[in-house]
Every structure is written in C-alpha cells, then in structure tokens.
1. When only alpha-carbon atoms count, how far does the chain stretch along each of its three principal axes, as whole angstroms with the largest first?
2. Where the centroid of each part is defined by its Cα atoms, how far is the range 45-72 from the range 235-305 in Å?
3. Relative to a virtual label point 7 Å from the Cα of His489 in the Cα→beta-carbon direction, which members of the range 501-525 show backbone nitrogen distances below 18 Å?
4. Taking a probe of 1.4 Å, how large is the accessible area per residue of the chain, in Å²?
5. Take the residue pairs Lys438/Lys473; Lys413/Lys437; Lys447/Lys535 and return only those whose Cα atoms are more than 20 Å apart.
6. Over all distinct Cα pairs, what is the inverse of the mean 1/r for the range 29-123, reported as the Kirkwood hydrodynamic radius in Å?
7. Show me, for the range 474-488, the HN-Hα J-couplings you get by feeding each phi into the Karplus relation (A = 6.51, B = -1.76, C = 1.60, θ = phi - 60°), rounded to Hz, glycine and proline as x.
8. So how much accessible area does Asp104 have, in Å² to the nearest 10, using a 1.4 Å probe?
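The values are calculated or read from the model by the stated rules, or taken from the named source; none is laboratory data. Everything numeric here is computed off the predicted structure, so don't read it as measured data. Using ideal geometry, Cβ is built from the backbone for each residue, glycine included, and neighbour counts are taken over all protein chains shown. With ligands, DNA and RNA removed, areas are computed over all heavy atoms of the protein, side chains included. Shrake-Rupley method; radii C 1.70, N 1.55, O 1.52, S 1.80 Å.
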Amino acid sequence: MKKLLLTLAAALLVGAGTQATIKNPMLWADVPDPDVIRVGDTFYLVSTTMHLMPGGPVMASKDLEHWETVGYIFDKLTDSPKYDLQEGTVYGRGQWATSLKYHDGKFWALLAPNEAGAMGDTYIFTAPKAEGPWTIHARLRHFHDATLFFDDDGTPYVFFGTGEMCQLTRDLKGVVEGSLRHYFQREEDERGLLEGTRVIKHNGTYYAQLISHVYAPGRHRREVCYRTKDLNGKWEKNTILESDFGGFGYLAQGTIVDTEEGDWYGVMFQDRGGVGRVLTISPVRWIDGWPQLGDENGKVPTTMRTYRSLTSLTPDPSRGGEGSDYTAGIVQSDDFSNHTSQLSTLSSQLKKCWQWNHNPVDKAWSLTERPGWLRLKTSRVVPNLYLAPNTLTQRMEGPTCSGYIKMDVSKMKDGDCAGLAAFNGDSGVLTIMKVGKKLVLEMSEQKVSLTDREKAVTKVEVKTVETVTLPSKLSTINLKVTGDFQPGHNDAANFYYSLDGQQWTQIGTKNYRCVFDYRRFFMGSKFGIFNYATKKVGGYVDVDEFCYEVAEK
C-alpha cells in the first residue's frame with residue numbers, strides 16, 4: 001500500500017511532455033500564515049497583512065495556482081488611535097494568522113491582533129460569502145495564532161498557542177467554563193513556540209498542524225502534526241514536512257486542503273528575505289494515517305502537475321501576453337477607474353489588490369474628483385513618511401518585478417512630499433519635494449526606529465543619495481521602482497524617473513537591498529504611493545496609473 005501511495009504522489013510531480021505545471025514558490029510574494037479551505041470547486045486563502053488596511057485579505061482560486069484577492073474581512077480596526085498612525089503605530093501588529101472556516105452555510109474568520117490588553121482581544125467575523133460583507137460576531141480573550149474548528153456535530157473549538165485548546169459556546173460568543181487545557185507538551189529541543197495551528201478532521205481523526213522551531217544539531221524548522229480520535233484523549237505526534245527549498249532555509253506553517261476529487265495538497269510559507277514570506281505548494285501522501293507533505297523524498301518540489309485545467313479561469317492578457325491564462329493575480333496594474341473583481345460580482349472604489357498603510361483618512365483621497373485618476377490629498381502635517389497617512393501599497397513579487405506611476409504634481413504646496421517607494425522598515429524612496437516654488441526629485445534611503453511596546457516612531461534616518469532639480473513648469477512625472485528577488489541577487493531594488501514616459505533615467509542607489517525585519521514591519525517590501533505635508537495641508541497630487549509587470553517564474 002505504501003508503494004501505491006508513493007506512486008500516486010509521484011504522479012503529481014512533473015513528467016515529460018507538455019503537462020501544465022505549478023512552479024514553486026506558488027505565490028512569490030509576502031503571503032504569510034496561510035489558511036486554505038475549499039468550498040465546492042473554489043479554494044479560499046486568507047493571509048496576514050498586519051497594519052495594512054483593509055485587512056484579512058481573502059483570495060480565491062480554481063486551481064491552487066492562480067489567485068485573486070476577492071475581499072477583506074474588515075475595512076479598518078478602531079480599537080486605538082494607533083491604527084490611525086496617531087499616539088503610536090501598529091507596525092508589525094494588527095491582524096495576525098487569521099483562521100478561515102465554512103460552516104452551516106456561512107464563512108467564519110477568527111483573528112487576534114498581536115497586542116497586549118483589549119487591543120489583543122480575539123475577533124470572530126462571519127459572512128454569507130467569502131467576498132463579504134463581513135460582520136463582527138464576537139470578541140473573546142486573546143488566542144495566539146489560533147484556529148477555529150467546528151466538529152461534526154457543530155461544536156466549536158479554538159486551538160491556539162503552543163498546544164492549548166478550549167471549547168466555545170454554541171453561539172461562539174464565549175468560552176465553555178473548565179474547557180481550557182493543554183493537549184500536548186513540546187519536546188525539550190522545541191524551545192521556541194509551536195504556533196500557527198491549523199486543525200482538520202479526516203476519516204474520524206483530528207489533525208493539528210503547527211510550525212515547530214527546534215535548535216538541536218541536525219534539526220530544522222519543520223511542520224509537525226498531532227492527531228487523535230478523541231479530543232479528550234492522548235495525542236500522537238509526527239513530523240510531516242522538514243524541507244529546505246530553492247536555496248533558502250527550511251519552511252513550515254500552513255495547512256493541507258483536499259480537492260473535489262479527493263487529492264490533497266499542502267500550502268506552507270518560506271522566509272525569503274526582502275520579498276517576504278512566500279507560499280509553496282506540495283502534494284500530500286497519506287501514509288499510515290499521517291499526511292506527509294512533499295515529493296517521494298519528502299521535499300518541496302520545484303514543479304508539479306497543475307491541479308485543474310486553466311481553461312476554467314478568467315484570462316488576463318495584461319499579465320502574460322495575448323491569450324494568457326493568468327487570472328488578475330494578487331498584484332495588478334490599475335488605471336484608477338472603478339473595477340469589478342473577476343471572481344466576484346462585487347465592485348469597489350479601489351481594486352482589491354490595494355491596501356493602505358494603517359487606516360486611511362477617507363476624506364483625503366478620491367477617485368471621483370478627477371475621474372480616471374487617484375487623488376491623494378494632504379490631511380495633517382507629519383514629520384516623515386512613516387507617519388504619513390494614506391500611503392497606498394501593493395506587494396512586490398519575485399523573481400523580478402517593476403511598477404511605475406504617472407503623477408501630476410502641479411497642486412503640491414511648499415513642504416509637500418510625494419512619490420513612490422520600495423516601502424518597508426528600511427525603504428528606498430523616490431520623493432518629489434516642493435521647496436518654495438521649486439520641485440526637487442530626491443532618491444533616499446530611509447530607516448525607521450520603533451519602540452518595542454507602542455511601536456512609536458522614535459527616529460527616521462534619511463540618507464539622501466541623489467537629488468535632481470526639476471523643470472519649473474513641470475506638471476507630470478513618471479516614477480519607477482524595480483525589484484529583483486532571485487536567489488543570490490540580494491533582493492535588489494532600483495529607481496528611475498522619466499519626464500516624458502519614454503526615456504527613463506536611473507537615480508540614486510543601485511541595487512538597494514530590501515530588508516525583512518521581524519522586529520519592525522514583519523513583512524515583505526511593498527510598492528508605496530504617498531503624499532504628505534510637512535508644513536501645511538491643502539495640497540494634493542493626482543496619480544494617472546500604476547503599471548505593473550512581473551517576470552514569469
């Protein structure tokens with residue numbers, strides 16, 4: 001039987017011929033802490049985006065390869081002015097490790113911000129459709145990296161932390177008294193947390209999957225699994241994935257999901273430096289009642305057979321040329337018209353690929369005041385980019401990518417700063433500065449320092465690398481940022497400008513290194529479009545388009 005299962009798993013991997021394949025990383029962008037479920041013929045994935053708003057992105061796919069963001073669980077979080085970039089920040093905090101479930105005809109999501117006190121209380125949301133609208137169902141005590149689980153009889157549970165669980169009341173608005181307990185104890189060399197719990201039930205057995213950090217010689221980060229047939233009984237343990245991949249370190253944290261045909265796949269993330277934490281996909285073999293991820297050697301494959309024909313997907317020629325089978329993707333170009341999601345019937349003012357840095361100031365942006373353009377107005381005087389409201393972001397992607405904007409700067413006021421950045425705790429920044437009546441273009445390297453508790457900005461180091469005085473009658477300018485996240489290329493960003501949209505001039509640092517820092521932002525680099533005032537409010541810029549390209553993996 002083992003040989004048969006191994007043979008079936010191997011068949012999922014690429015063979016000769018023209019068989020369509022999935023290439024890992026499945027999503028070469030910052031999509032950490034995934035939870036994946038299937039409802040009918042559609043897979044849904046939720047990920048962590050922390051301080052970005054709207055938050056709790058829900059992505060959909062028909063084939064486990066091509067994903068599109070179809071909704072968000074919430075527009076804003078309002079527990080503290082820190083979410084508004086006032087009285088501190090929530091960089092690296094906010095929405096973490098959301099659990100996604102479908103039960104009794106509804107979608108459910110559970111998340112707990114990584115905060116102390118009431119700000120860290122767990123949210124439970126529900127929605128009739130994955131696209132929303134989502135509503136808050138309950139607030140409970142903090143559950144770290146938790147998963148919601150419904151048993152066959154509908155009894156709800158929360159699994160969280162390092163081997164903790166409890167039963168919820170049937171209305172999901174409270175914890176059943178006396179139900180809180182540890183269901184396992186970690187091994188001696190697992191000195192870090194076992195976190196990122198995901199729980200499924202298969203053939204009458206419960207499986208809890210967690211990332212394990214081990215420090216013994218010859219041991220690595222890995223995905224472990226605990227199983228039992230009785231939630232109140234003894235749990236057994238097994239390692240289900242211990243694999244490096246693609247020249248980077250060992251990966252873990254995610255879940256497994258089945259297809260309509262009964263095949264299983266594992267989705268796990270891997271730390272990849274400046275681009276963030278990327279997603280990989282692996283076949284799952286059931287051996288002796290355990291889900292084993294990876295190929296026949298237990299390793300994440302470079303390529304594997306695609307799950308389903310791409311003909312069921314909505315073509316998007318802009319991502320792969322005429323006739324391309326790519327869906328819109330999780331990063332997209334935008335001409336800033338109103339759009340309809342390709343996997344939903346809902347429309348929104350901004351495409352769902354965009355997120356603001358912290359809660360936006362709603363009155364300070366518009367798509368209607370100049371149709372076909374995004375208007376970003378200054379709304380309060382701030383000292384630096386890291387406290388600037390209404391910075392609009394999208395992920396940068398590997399292996400290489402580029403994004404450019406066309407910006408009308410004619411209505412900026414003295415002291416205003418607007419532009420495009422490779423945005424993170426360490427940022428490479430292209431800034432148009434209004435200095436008196438002059439316009440100056442500056443490329444700088446910026447680094448923010450934050451307090452550990454409040455995440456308050458204490459200092460921003462700015463290293464100006466190159467400055468260009470722009471023509472006095474200039475009204476529009478084009479700015480471009482490129483990213484190269486191929487192994488060995490040092491996560492390099494480069495910066496360009498153009499006065500006519502045709503001829504590009506490189507400016508500033510060549511091969512600026514994008515950095516992932518878990519102590520501050522805890523996320524991969526983003527394209528960031530910004531406009532803020534340092535002297536007085538009232539100015540604005542208009543952005544005509546964001547044009548994006550990504551190289552094929």
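1. 76, 58, 49
2. Using only Cα atoms to place each centre, the spacing works out to 20 Å.
3. Only 506-507, 509-516, 524-525 fall inside the zone, counting backbone N under 18 Å.
4. Numbers: 21460 Å² over 553 residues.
Heavy-atom SASA per residue in the chain reads 39 Å².
5. On the way: Lys438/Lys473 9 Å; Lys413/Lys437 8 Å; Lys447/Lys535 22 Å.
Violating the 20 Å limit, Cα to Cα: Lys447/Lys535.
6. Details: mean 1/r = 0.0715 Å⁻¹.
So the Kirkwood estimate lands at 14.0 Å.
7. 5, 10, 10, 9, 10, 10, 9, 10, 10, x, 10, 10, 5, x, x
8. Approximately 130 Å² for this residue.
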